[in-house]
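Trainee: The structure that follows is given in the form of structure tokens.
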């Protein structure tokens with residue numbers, strides 16, 4: 001069982017696709033032998049934004065765009081030995097690209113960018129079940145959807161409950177949970193898909209991944225960061241589960257400058273991060289492991 005150590009905070013800001021040097025807010029040097037580093041890059045709610053926003057956009061002038069994301073990701077991969085690229089859903093809907101190509105373009109581009117794992121958001125049902133399957137065939141990475149039961153739908157067999165990825169010496173388990181679609185998505189779009197309680201499923205999946213020897217357990221969540229009501233959110237999920245180390249969120253388009261820390265059921269720290277929407281930001285979190293002990297936590301945002 002991993003014990004948590006010191007968290008190091010710093011941030012990386014990228015403008016116009018150029019990665020600036022990180023500004024270290026604090027750093028901890030540990031007199032320890034060789035460590036293993038894992039860099040996690042992540043997105044959420046990209047919503048078919050293939051092109052950057054126009055230069056005259058009132059809020060995000062010139063920001064976003066798949067080409068800039070590709071340049072950034074490639075730069076990080078050249079600098080780091082072990083990199084995971086993850087997405088927390090709502091890949092579809094938001095620009096005419098989705099209306100024209102039905103999600104095929106988005107899947108092809110994500111494959112080119114080298115995504116390792118993604119989960120589904122509610123807008124990924126906007127093309128219907130058959131529409132998702134048609135686009136899904138162009139994705140060369142798995143979709144993890146743990147609390148949706150697709151047994152009696154066309155999606156059955158096109159997603160999986162969880163996946164395990166070996167990155168160097170680190171074994172990473174990834175699973176995904178999504179928001180309840182009833183009242184949010186037209187019934188015809190999700191058909192006989194069954195929604196299961198994300199807290200129960202998350203506890204079950206995380207425990208299983210731990211039993212399988214995962215050093216790091218990540219939940220890709222499309223529940224939303226937090227709500228004023230008692231609706232299940234990422235913060236509630238963190239508090240009511242255990243064995244999850246990192247929740248990468250989506251759905252509420254929340255821009256976080258740094259990951260939120262929550263205590264889980266047994267008092268351990270869970271990191272939660274979400275990076276807005278439209279591909280404006282790419283999140284980055286670095287973990288360092290020393291004999292299966294967290295040595296430090298690095299970095300966050302890409303703009």
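Trainee: For the stretch 19-27, indicate whether the set of residues that are more than 25 Å from residue 166 (Cβ to Cβ), modelled with pLDDT of 95 or more and either surrounded by 19 or more Cβ atoms within 10 Å (Cβ to Cβ) or within 22 Å of the chain's Cα centre (by Cα) (or both) is non-empty. Reasoning before the result, please.
Mentor: Let us first name the residues in the stretch 19-27 that are more than 25 Å from residue 166 (Cβ to Cβ), namely 19-27.
Those still in the list that are modelled with pLDDT of 95 or more too: none.
Within the stretch 19-27, not a single residue is more than 25 Å from residue 166 (Cβ to Cβ), modelled with pLDDT of 95 or more and either surrounded by 19 or more Cβ atoms within 10 Å (Cβ to Cβ) or within 22 Å of the chain's Cα centre (by Cα) (or both).
Trainee: Of (1) surrounded by fewer than 24 Cβ atoms within 10 Å (Cβ to Cβ); (2) part of a loop (DSSP other than H, G, I, E, B); (3) on the phi < 0 side of the Ramachandran plot, residue 244 satisfies all except one. Which?
Mentor: Every listed condition holds for residue 244 apart from (1).
Trainee: Have a look at 129, 86 and point out the one that is closer than 20 Å to residue 195 by Cβ and in contact (Cβ under 8 Å) with a residue 60 or more places away in the chain. Even if it seems obvious, please write down each step before you answer.
Mentor: Working: 86 fails: closer than 20 Å to residue 195 by Cβ.
The match here is 129.
Trainee: Restricting to the stretch 218-232, what's the tally of residues that are surrounded by fewer than 24 Cβ atoms within 10 Å (Cβ to Cβ) and over 14 Å from residue 271 (Cβ atoms)?
Mentor: Step one: of the stretch 218-232, the residues surrounded by fewer than 24 Cβ atoms within 10 Å (Cβ to Cβ) are 224-232.
Filter once more, so that each one left must be over 14 Å from residue 271 (Cβ atoms): 224, 226-232.
Of the residues in the stretch 218-232, 8 are surrounded by fewer than 24 Cβ atoms within 10 Å (Cβ to Cβ) and over 14 Å from residue 271 (Cβ atoms).
Trainee: Only one residue in 218, 266, 293, 301 is modelled with pLDDT under 95, out of contact with any helix residue (DSSP H, G or I) (no Cβ under 8 Å at 6 or more places or on another chain) and farther than 30 Å from residue 62 by Cβ, so which one is that?
Mentor: Numbers: 218 fails: modelled with pLDDT under 95; 266 fails: modelled with pLDDT under 95; 301 fails: farther than 30 Å from residue 62 by Cβ.
From the options 218, 266, 293, 301, the qualifying one is 293.
Trainee: Report, by residue number, each residue of the stretch 61-70 that is under 22 Å from the mean Cα position of the chain (by Cα) and either surrounded by 15 or more Cβ atoms within 10 Å (Cβ to Cβ) or at pLDDT below 95 (or both). Write out each step before concluding.
Mentor: First, pick out the residues of the stretch 61-70 that are under 22 Å from the mean Cα position of the chain (by Cα): 63-70.
Hits for the stretch 61-70 are 63, 64, 65, 66, 68, 69, 70.
Trainee: Testing residue 106 on (1) farther than 30 Å from residue 240 by Cβ; (2) crowded, with 22+ Cβ neighbours inside 10 Å; (3) more than 17 Å from the chain's Cα centre (by Cα), one condition comes back false. Which one is that?
Mentor: With (1) farther than 30 Å from residue 240 by Cβ; (2) crowded, with 22+ Cβ neighbours inside 10 Å; (3) more than 17 Å from the chain's Cα centre (by Cα) applied to residue 106, the lone miss is (3).
Trainee: Just give me the residues in the stretch 111-134 being within 17 Å of residue 44 (Cα to Cα) and buried (at least 22 other Cβ atoms within 10 Å of the Cβ), in sequence order.
Mentor: Matches in the stretch 111-134: 115, 117, 118, 119, 120, 121, 123, 124, 125.
Trainee: Out of curiosity, is residue 187 under 28 Å from residue 49 (Cβ atoms), surrounded by fewer than 19 Cβ atoms within 10 Å (Cβ to Cβ) and within 17 Å of the chain's Cα centre (by Cα)?
Mentor: Details: under 28 Å from residue 49 (Cβ atoms): yes; surrounded by fewer than 19 Cβ atoms within 10 Å (Cβ to Cβ): yes; within 17 Å of the chain's Cα centre (by Cα): no.
No.
Trainee: Please enumerate the residues belonging to the stretch 137-171 that are under 19 Å from residue 41 (Cβ atoms), surrounded by fewer than 16 Cβ atoms within 10 Å (Cβ to Cβ) and out of contact with any strand residue (DSSP E or B) (no Cβ under 6 Å at 6 or more places or on another chain).
Mentor: Scanning the stretch 137-171 gives 140, 166.
Trainee: A follow-up question, please. Say we look at the stretch 249-282 and pick out the residues that are in a strand (DSSP E or B) and out of contact with any strand residue (DSSP E or B) (no Cβ under 6 Å at 6 or more places or on another chain); which of these is nearest to residue 64 (Cα to Cα)? Working first, answer last.
Mentor: Let us first name the residues in the stretch 249-282 that are in a strand (DSSP E or B), namely 255, 260-263, 269-273, 275.
Still in the list and also out of contact with any strand residue (DSSP E or B) (no Cβ under 6 Å at 6 or more places or on another chain): 255, 263.
On the way: 255: 14, 263: 33 Å.
That would be 255.
Trainee: Okay, next question. Tell me which residues, restricted to the stretch 190-234, are within 18 Å of the chain's Cα centre (by Cα), assigned to a loop (DSSP other than H, G, I, E, B) and more than 17 Å from residue 251 (Cβ to Cβ).
Mentor: Result: 214, 215.
Trainee: If I filter the stretch 77-87 for residues that are within 15 Å of the chain's Cα centre (by Cα) and over 21 Å from residue 177 (Cβ atoms), do I get at least one hit? Can you show your working first?
Mentor: From the stretch 77-87, those within 15 Å of the chain's Cα centre (by Cα) are 83-87; that's our starting set.
Narrowing further to those that are over 21 Å from residue 177 (Cβ atoms): 83.
Yes, some residue in the stretch 77-87 is within 15 Å of the chain's Cα centre (by Cα) and over 21 Å from residue 177 (Cβ atoms).
The values are calculated or read from the model by the stated rules, or taken from the named source; none is laboratory data. Predicted, not measured: the structure shown is a model, and the values here were computed from it. A quick note on method: Cβ atoms are made from the backbone with ideal geometry, for glycine too, and the neighbour counts reach across all protein chains shown.
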